[in-house]
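Enquirer: After the structure tokens below, expect a handful of questions from me.
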Amino acid sequence: MATQAEPKQLETAPFEAASAQSRAPMRSIFAILAGALLVAAFWPILVGIYESWSNEYAYMEHGILVLPAAAYMVWTKRQQLGLIHNRPSAWGVLFLIWGALQAALGVLAHWVWIARTSFLVSLVGCILLVYGFRMLRALTYPLCTLILMITPPTFIFERLTLSLQLLASSLGASCLDALGYSVLREGNILEMVGLKLSVEEACSGIRSLLAIIFMCVLYNYFFVNSRSMRAWILFMSIPIAIIGNAGRIVASGIAGQYNPAWVGGATHEAFGYVSVLIAAIGCIALHHGTEYLQGRWRSHG
């Protein structure tokens, strides 16, 4: 009986492959239509997300890079994604209803974060409805990356900003004192000889922290394979960003002792970009250093 069944399977295989190929263009059309409808339905919310990237009080300048980065992630996996057997799921309808209700609630109650994240919920619904759970699983990392283009909830953002302000002020004062500079700290204000440094919200480090986390997410995707290593780098990006911002305050304080004009303006902004660059290099060094130590530990073990 087995020898008789095998020829039938061989005969039907080409027809199944041809059927799958014939459905591919239709599925692509459905995907384009679903995407267009999704963008049209969420256009006001998407405009709000875009405007937050240039809002000086949101500190989300990196947001404009998130969508292209996520799209490039998907592009690099196009061959693997093409091999996935698509099974559209009716669960997509539930996610679309969920996204619509969440968007309505967010808009009516003026909960900005709730309204903006509803777009991601609906995007998941479209993927499930057109392609199914296997495709959604394969796209998990790029989809989670899209969260970084949305400003965190206000209550978390404000509390985190204040905590980072005080922490950066404390670390900066301690470092300046250790370097031999006379400094007096009162909250987020550092007083030095002939100079007063005020660690405002823009100097709290929230901007560099969000940018560093985004860079670490990209670095993990393209250069790190181990999940534990990815989690370690992402976790350590927080103290590295904080230390980098404290270094910015120290550099501003030292520079201000020679020329008070260097505390603000273009020089101050340059210190910020340099601190982000150094923090990014620190995360890469952490990766390679940890792998080196793990290799040494295994060789001795």
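The values are calculated or read from the model by the stated rules, or taken from the named source; none is laboratory data. Computed from a prediction, not measured in an experiment: that's the story for all the values here. Counting neighbours? That spans all protein chains shown, and the Cβs are built from the backbone with ideal geometry, glycine included.
Enquirer: Residues Ala251, Ala279: which one is under 30 Å from Ala69 (Cα atoms) and not polar (S, T, N, Q)?
Expert: Ala279
Enquirer: Just to check your reading of the model, which residue among Arg185, Arg137 is among the basic types (Lys, Arg) and under 29 Å from Arg227 (Cα atoms)?
Expert: Matching residue, one of Arg185, Arg137: Arg137.
Enquirer: Still on this model: What residue, among those in segment 231-267 that are among the small types (Gly, Ala, Ser) and over 17 Å from Leu195 (Cα atoms), is surrounded by the fewest Cβ atoms within 10 Å (Cβ to Cβ)?
Expert: Here is the first cut: in segment 231-267, the residues among the small types (Gly, Ala, Ser) are 231, 237, 241, 244, 246-247, 251-253, 255-256, 261, 264-266.
Imposing the further condition that a residue be over 17 Å from Leu195 (Cα atoms) reduces the set to 231, 237, 241, 244, 246-247, 266.
Details: Ala231: 12, Ser237: 25, Ala241: 28, Gly244: 24, Ala246: 23, Gly247: 19, Ala266: 8.
By that ranking, first place goes to Ala266.
Enquirer: Condition first: at pLDDT below 90 and over 22 Å from Thr151 (Cα atoms). Now tell me which residues in segment 195-225 satisfy that.
Expert: Within segment 195-225, Leu195, Lys196, Leu197, Ser198, Asn225 meet the criteria.
Enquirer: Which residue out of Asn220, Asn188 is in contact with a helix residue (DSSP H, G or I) (Cβ under 6 Å, 6 or more places away or on another chain), polar (S, T, N, Q) and closer than 22 Å to Leu277 by Cβ?
Expert: Values: Asn188 fails: closer than 22 Å to Leu277 by Cβ.
Testing whether each residue is in contact with a helix residue (DSSP H, G or I) (Cβ under 6 Å, 6 or more places away or on another chain), polar (S, T, N, Q) and closer than 22 Å to Leu277 by Cβ leaves just Asn220.
Residue-wise test of (1) within 14 Å of Phe214 (Cα to Cα); (2) touching a residue at least 60 places away in the same chain (Cβ under 8 Å).
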site	(1), (2)
Ile45	no, yes
Ser52	no, yes
Glu61	yes, yes
Arg78	no, no
Gly82	no, no
Asn86	no, no
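Enquirer: Only one of (1) surrounded by fewer than 13 Cβ atoms within 10 Å (Cβ to Cβ); (2) over 25 Å from Ile150 (Cα atoms) is not met by Tyr273, so which one is it?
Expert: (2)
Enquirer: Can you name the number of the only condition in (1) over 20 Å from Ile64 (Cα atoms); (2) part of a loop (DSSP other than H, G, I, E, B) that Arg230 fails?
Expert: All conditions are met except number (2).
Enquirer: Filter segment 59-76 down to residues that are closer than 18 Å to Tyr131 by Cβ and either touching a strand residue (DSSP E or B) at 6+ places or on another chain (Cβ under 7 Å) or surrounded by 14 or more Cβ atoms within 10 Å (Cβ to Cβ) (or both), then give me how many there are.
Expert: Final tally of qualifying residues: 3.
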